[in-house]
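The values are calculated or read from the model by the stated rules, or taken from the named source; none is laboratory data. Treat the numbers as computed from the prediction; the structure is a model and nothing was measured. Please note: Cβ atoms are built from the backbone with ideal geometry, for glycine as well, and neighbour counts cover all protein chains shown. Quick note on the areas: whole protein, heavy atoms, side chains included, nothing else; ligands and nucleic acids left out. Shrake-Rupley method; radii C 1.70, N 1.55, O 1.52, S 1.80 Å.
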Amino acid sequence: MKLRLYVVDGAPNSVLAIANLAALCKKNLRLSFKLEIIDVLKFPRRALADGVLVTPHLAKLSPAPVARIVGNLSDSGSVRLALGITT
Amino acid sequence: MIFNSGVKLQSLPKAATGIEGFDAVSGGGLPRKRTTLLKGGPGAGKTVFALQCLVNAARKRREAGLFVAFEESTRQILANAATFDWNLPALMRRKLYFMDARLAPEVVHAGAFDLSGMLAMLKAKKDELGAGWIVFDGIDVLLTLLRDPAAEMREIYRIRDWLAENELTALITAKAGDGPAHAGDYDFMEFMVDCVVPLARRLEHGVSLHRLQIMKYRGSDFRAGEFPVSFGASGMEVAPPEPAEIHHAASRERVSAGFERLDTMLGGGLLRGSSTLVTGLPGTSKTTLAGKFAEAACERGERTLFVSFDEGAEPIVRNLASVGIQFKPHLKSGLLSMYSARTESTGAEDHLAKVKALIGSVRPRCMVIDPLSAIAKAGGLVAARAVASRLIYLVKDAGITVFITAINEGDDPATEATDLQVSTIADTWIHLSYLIRSGERNRALTIIKSRGSAHSNQVRELILGARGPVLADVYTAGGEVLMGTLRWEKEDEERGKTLQRRAAFEHKRRELQVSEADTRARIKALENDLARQRAELELYSSDNEARIVSSSEREKELRRIRSADPARSSRGNGSGNGGAAKAPRDAR
């Protein structure tokens, strides 16, 4: 599963999102995750081009269907559902 | 500029919005590099106001701006703005950036988020364009997504700090109804920002009226109160309060009011740049009078604008042609421009904006507004009154000679101070009324006032002929004004009397002529008598002489006979047969 997480370095919600996503990955070790973290402060143009508005913003790039999740990912149920993790 | 206090405050730098009326009301515009909150219900004009500020800054001062739209797509905004002459696509190349900041519905929400990322992106855009302005349009939509009052406040403060750090002149728009349900929603925002401008849209008599006021302006004075807002070709217009001083150049030039007799009644015509109000009931031919004025203006070669409400240009042209007023050649030559509008569909303010734009493009010297009273239908009366007087001032400021008609509901001159109360502003006031007598309606024209002119106090009858309106003298009989048939009868009677007098005179003349002839004849006869008598007298005297002669002859004869004296032959008409030859000579 290819994921991209847009964050603002040091922002509380972003820090939380990274932690929540890491926990999710750990829980689902049998799935292979490819995660890219982008700091919007450093790459604002890229984030803009990618359609990011608010942070944190998680994009599931593959496999299809693609999905977009905003928030600190504390609502793990919603995250799993959005990413298609059923187990 | 300080308006309502004599004390000049150390006013903070301001950024002109380019919305003339607003800049006047706010004393120069929005607080520069500070934040202004625009709040109001849906359709109050928040987005237009905000975008117009960016457009004006870009066009007039080459300042770039960012527009962050939380509610509408960029495409929607562009489509809405296309109704104004802003030419956004051209500006978007270098001076205007739109961020579509709507969260797509398919985006999953999983926990709290914040705007730090968005602000980072906006900072990049700001640096790229060198933007000085930013608009957050519909921030309430974003705040709702945060689903947490604490988060809302946190993000608002984040925006405030970011704005201050980036020294942007900012406009934040937020929906806020008038109802109590909305009252507390953005209280904290009002405290936070430096300027609060509530915009309102209200329905009055089925017409929506827009209003704007400044509720708060930190560190600056401003004009309190609500100001009417309208939407014209260049966007929103805020009606500035009327200037206290009136500067109108006073002209002495006279222009024709349409036809000679009326000009005479007005002391030589209308003063150039003056306003004339024509009031009257429907059908008293106000439009005809206005049409005649417009035609006369065109014939003088002056550009003329004919604004009509609730009647199309074509029927007006046709109707006026029926009374000999020809608009067609002037429309063709371009001297005459006509504009017609329905009043009920739009607010009075919008009509004012439209007329203002027309005056700007047509640049007329003479103008007709027919009927101005129609704008009273466009929303509330109070608003219409303000618009009417501003319209007149606008026209007068432009030095245009204007002819305004207004329908009166009553027919009493005392209460004929029109609903719109423009009669006090107008320089000349002509009133048209019906006089009903003996089953007839006739039109009467009175000049109630005409500033700066000696004018007739006479009521005249207005007659519409195939060659235009004509004013006729009216007769007064027994304290009543006679018009129409009664006037005609009176005139006829007068004509009859004249004829009668003439006939009587003729008769008398003939009589005199006859009696003169008679006298002459008698004189002749007497002369004849005289001649005869003279002749007779002569005859008698000669006879007598003859007799005397003959008697002397006879004596001579006797003597001759008796004494045989020598005798000559007698004349033979005597008793003797000889006569002296000298006898006739002696008779003479």
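Among the conditions (1) away from chain A (no Cβ under 14 Å); (2) surrounded by 14 or more Cβ atoms within 10 Å (Cβ to Cβ); (3) not in a strand (DSSP E or B), B:R75 misses just one, which is (2). State whether the residues of the stretch B:507-524 include one that is open to solvent by 90 Å² or more (accessible area, probe 1.4 Å) and modelled with pLDDT under 75. Looking for residues that are open to solvent by 90 Å² or more (accessible area, probe 1.4 Å) and modelled with pLDDT under 75, one finds none in the stretch B:507-524, hence no. Against the numbered list (1) touching a residue at least 12 places away in the same chain (Cβ under 8 Å); (2) not in a loop (DSSP other than H, G, I, E, B), B:G273 comes up short only at (2). Summed over the stretch A:10-25, residues that are in a helix (DSSP H, G or I) and within 11 Å of chain B (Cβ to nearest Cβ) total 8. Give me the residue from the stretch A:40-54 that is within 7 Å of another protein chain (Cβ to nearest Cβ) and of a type outside the set (D, E, K, R) and, out of that set, farthest from B:A101 (Cα to Cα). Result: A:L41. Does A:L21 satisfy the condition of being on the phi > 0 side of the Ramachandran plot and open to solvent by less than 20 Å² (accessible area, probe 1.4 Å)? When the stated conditions are applied, A:L21 does not pass them. Consider the stretch A:26-36 and keep the residues that are open to solvent by less than 80 Å² (accessible area, probe 1.4 Å) and not in a loop (DSSP other than H, G, I, E, B). The one that is farthest from B:K125 (Cα to Cα) is A:L35.
Does B:G117 satisfy the criteria of being within 12 Å of chain A (Cβ to nearest Cβ) and either touching a strand residue (DSSP E or B) at 6+ places or on another chain (Cβ under 8 Å) or open to solvent by 10 Å² or more (accessible area, probe 1.4 Å) (or both)? Spelling it out, B:G117 is indeed within 12 Å of chain A (Cβ to nearest Cβ) and either touching a strand residue (DSSP E or B) at 6+ places or on another chain (Cβ under 8 Å) or open to solvent by 10 Å² or more (accessible area, probe 1.4 Å) (or both).
Scanning the stretch A:1-54 for residues that are of a type outside the set (A, V, I, L, M, F, W, C), touching a Lys or Arg at 6+ places or on another chain (Cβ under 8 Å), without any contact (Cβ under 8 Å) to a residue 60 or more places away in the chain and more than 24 Å from B:L146 (Cβ to Cβ) yields A:K34, A:E36. Here are some conditions: (1) open to solvent by less than 70 Å² (accessible area, probe 1.4 Å); (2) small (G, A, S); (3) free of Cβ contacts under 8 Å to residues at least 60 places away in the same chain. B:G347 meets all but one. Which one does it not meet? So the condition that B:G347 fails would be (3). Taking residues in the stretch B:483-510 that are under 30 Å from B:V459 (Cβ atoms), and partners anywhere that are of a type in the set (F, W, Y) and modelled with pLDDT under 85, the pairs with Cβ atoms closer than 8 Å and at least 6 places apart or on different chains are B:L486/B:Y475; B:R487/B:Y475; B:K490/B:Y475; B:E491/B:Y475. Taking first residues from the stretch B:447-460 that are on the phi > 0 side of the Ramachandran plot and partners that are part of a loop (DSSP other than H, G, I, E, B) and at pLDDT 75 or above, the Cβ contacts under 8 Å between residues at least 6 apart in sequence or on separate chains come to B:G452/B:S274; B:G452/B:D427.
Check whether at least one residue in the stretch A:29-51 is within 18 Å of B:V107 (Cα to Cα) and either under 11 Å from the mean Cα position of the chain (by Cα) or of a type in the set (F, W, Y) (or both), and report yes or no. No; the residues of the stretch A:29-51 include none that is within 18 Å of B:V107 (Cα to Cα) and either under 11 Å from the mean Cα position of the chain (by Cα) or of a type in the set (F, W, Y) (or both). Applying the set (1) touching a His at 6+ places or on another chain (Cβ under 8 Å); (2) at the interface with chain B (Cβ under 7 Å from one of its Cβ atoms) to A:L5 leaves exactly one unmet item: (2). Count of the stretch B:289-330 residues, restricted to those that are in a helix (DSSP H, G or I), of a type outside the set (A, V, I, L, M, F, W, C) and open to solvent by less than 20 Å² (accessible area, probe 1.4 Å), is 2.
Of everything in the stretch A:55-77 that is open to solvent by 30 Å² or more (accessible area, probe 1.4 Å) and free of Cβ contacts under 8 Å to residues at least 40 places away in the same chain, the residue that is farthest from the other protein chains (Cβ to nearest Cβ) is A:A64.
Pairs are defined by a Cβ separation below 8 Å, a sequence spacing of at least 6 or placement on different chains, a first member in the stretch B:292-304 that is closer than 19 Å to B:V470 by Cβ, and a second member that is open to solvent by less than 10 Å² (accessible area, probe 1.4 Å) and assigned to a helix (DSSP H, G or I); the pairs so defined are B:E295/B:L320.
Set side by side, the residues B:L122, B:L171, B:L142 differ, and just one is at the interface with chain A (Cβ under 9 Å from one of its Cβ atoms), outside any loop (DSSP other than H, G, I, E, B), touching an Asp or Glu at 6+ places or on another chain (Cβ under 9 Å) and closer than 19 Å to B:T35 by Cβ, which is B:L142.
For A:L81, the requirement of being more than 25 Å from B:A124 (Cα to Cα), within 9 Å of chain B (Cβ to nearest Cβ) and under 10 Å from the mean Cα position of the chain (by Cα) is not met.
Just one residue in the set B:S285, B:S333 is surrounded by fewer than 23 Cβ atoms within 10 Å (Cβ to Cβ) and over 23 Å from B:I430 (Cα atoms); that residue is B:S333.
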